[in-house]
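Have a look at this one before I ask anything.
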Amino acid sequence: MSLPASTAARPAPPPVVAVLGGGAAGFFGAIACAEANPGLAVFLLEKSPKLLSKVRISGGGRCNVTHACESAAQLVQHYPRGGRQLKEAFRHFGVADTIAWFAKRGVALKMEADGRMFPTTDSSETIARALEDAARRAGVRVLTRTAAEQITASPEGGFRLALSGEGSAALGPELHVSRLLVATGGNPKSAAYDWLRALGHTIAEPVPSLFTFNVPASPLRELPGVSVPHARVVLAGEKLQYEGPLLVTHWGVSGPAVLMLSAWGARRLHELSYHGTALVSWVPAHTDETLRPWAQTFRLENGKKQVAAHPQFGLPTRLWRTLVLEAGIGPETRWNEVPAKAQNRLLELLLRTPLQVQGKTTHKDEFVTCGGIPLSEVNLTTFESRRVPGLYFAGEVLDIDGITGGFNFQAAWTTGFLAGQALAKVGALAA
C-alpha cells in the first residue's frame, strides 16, 4: 500500500558546493569538481558582472596560459613565494597536464622562444570560451553580480552563505553548502581579507608584486618605447637584481627585468615605500675590468669616428646618443677628442645608469598580489583548510605568486584542479 502523496518519501536534494570567484582558479575548481562528481550541485558565484577578466587581458589579450617547464623542480624556481611548497602539487597537475586539459577541449597551445605558452589563435577569448563551455557542459551554475556577504559555519555541517545581488533573487537570501572553495584572487588591501580572518585564518599581509618603476626625473624620459633585449637592473644597497629585456616608458622603466625584480623584491620594495636607486647595466656581459680595456682599444682603432653617431654593443641609436650626451660628450665629438673624465663617465653610465625610483605603476591592467592565506594553513594535496574543515582555497587568495611568463596562471590551474577534485568528495568532512 502506497503512502499518501503528502507523506511519500521524496528524493533527497543533491549535495551543494559553492565556488567563490569567477577567475581562472575558480572556473578550474568548479569544472574539476563538477566533472569528478556529476551528482553535485555546483555553484560558481562572482560578485562582479564580468567573468575571467584577468584571463581576457593577460598577455596583451593573448593569454599566457603557462610556461614550458619539463618538471615540477624546474617550475618551482619561478615563484618568489610558494614555489617550494607547491612542488608536490605540480607533480600531480603540472604544465603537461594543463596542455592536455586544454587540448582535450579543442584548444591547442604553442610555445614561444622564451618558453611562454599561448593558444595558437593568439586570442585570450579562446581560453575564456573553453573554460565557460567546459563549465556549462559539466553543469556548473554560474551566477554573476552575486556576493557572499557573510559566511558562517553551519551547526549541521557545511556553511551558510548570506547572498546579495542577483544570486539572492535566484537562490534566496541564504545558500547552505556542504563545502566551499574560495578563489577570490589577491587584493592589495589587508581589510579585504577580514572575512577570512573571521573564519579562523591568519593572513600574510598583502603587498603588490609585478609592477613597473616610476622615475619622474629619468635621464631617459625622452626615450619612451626604446627597449633593449638584455639589461641588468640592480637595486642599490640591496641584494636584489635581475637580468632580462628592459623597456623605457614615459613614466620610467618596465619590461621583464623590472617586473621580475619587483616580484622577487616585493616585500622589501614595500618596506622602502617604492623609493630607491635602480642601477641599470646596458652591457651586463661586461664589468669594469673588461669594459675599460675595450674602450682603450676601440679608441685607438676608431679615433676619428664621432662617438654619438656610432652606437656600440647593439644598443638603440637613441639610447646610445642619450648616454653619450649625459656623459658630457658633444654630438660632434670624435673618440680621440673625448676627455678622460667624460670617457669614464660614459663607461660608468653603460655599467650603472642610476634611476631614482619614486613609486610604482601597475603593469598594464594586470596585477599580482604577494600575500594571502599562508600555505602552512592548508593541506598542500587537497588545498583544504587545516583550520576550517570543508573550506578550500585556490589561486592568488593563497600566499603564492610567480614571476611573469604564465606562472601565476599555472598556479591557478594546479590549485584549482586539485581543490576542485577534493571538493567533489562530499561526505564526512575531514577533521
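Which residue, GLY328, GLY255, GLY416, has the most motion in a Gaussian network model of the chain that connects Cα atoms within less than 10 Å?
Among GLY328, GLY255, GLY416, the largest GNM mean-square fluctuation belongs to GLY328.
Please report Rg over Rh for segment 234-295, where both radii come from the alpha carbon positions and Rh follows the Kirkwood definition.
1.02
Further, regarding this structure: Kindly provide the Kirkwood hydrodynamic radius of the chain in Å, to one decimal, from all pairs of distinct alpha carbon atoms.
24.0 Å
Separate question: Enumerate the lysines that LYS87 could reach by cross-link, defined here as Cα to Cα under 27 Å, with residues fewer than 8 away along the same chain left out.
LYS54, LYS104, LYS110, LYS239, LYS425
Just to be sure I understand: with springs between alpha-carbon atoms less than 10 Å apart, which residue in GLY186, GLY314, GLY372 has the highest mean-square fluctuation in the Gaussian network model of the chain?
GLY314
Turning to a different aspect of this structure: Using R₀ = 25 Å, calculate the FRET efficiency as 1/(1 + (r/R₀)^6) where r is the Cβ-Cβ separation of SER71 and ASP114; round to 0.05.
Efficiency computed from Cβ-Cβ geometry: 0.85.
For segment 211-362, state the semi-axes of the equivalent ellipsoid (square roots of 5 times the eigenvalues of the alpha-carbon gyration tensor), sorted largest first and rounded to whole angstrom.
29, 15, 13
Out of the trypsin sites (Lys or Arg not before Pro) in segment 177-207, which ones are loop residues according to DSSP with at most 14 other C-beta atoms within 10 Å? Let's see the in-between values first.
On the way: sites: ARG179, LYS189, ARG197; in loops: LYS189.
Passing sites in segment 177-207 are LYS189.
Only Cα pairs within less than 10 Å get springs; with that Gaussian network setup on the chain, which residue of GLU326, GLU156, GLU174 has the largest fluctuation?
Among GLU326, GLU156, GLU174, the largest GNM mean-square fluctuation belongs to GLU156.
Values quoted throughout were computed directly from the atomic coordinates according to the rules given, and no laboratory measurement underlies them. Remember, predicted model here, so these are calculated numbers, not experimental data. In this analysis, Cβ positions are derived from the backbone assuming ideal geometry, glycine residues included, and neighbour counts consider all displayed protein chains.
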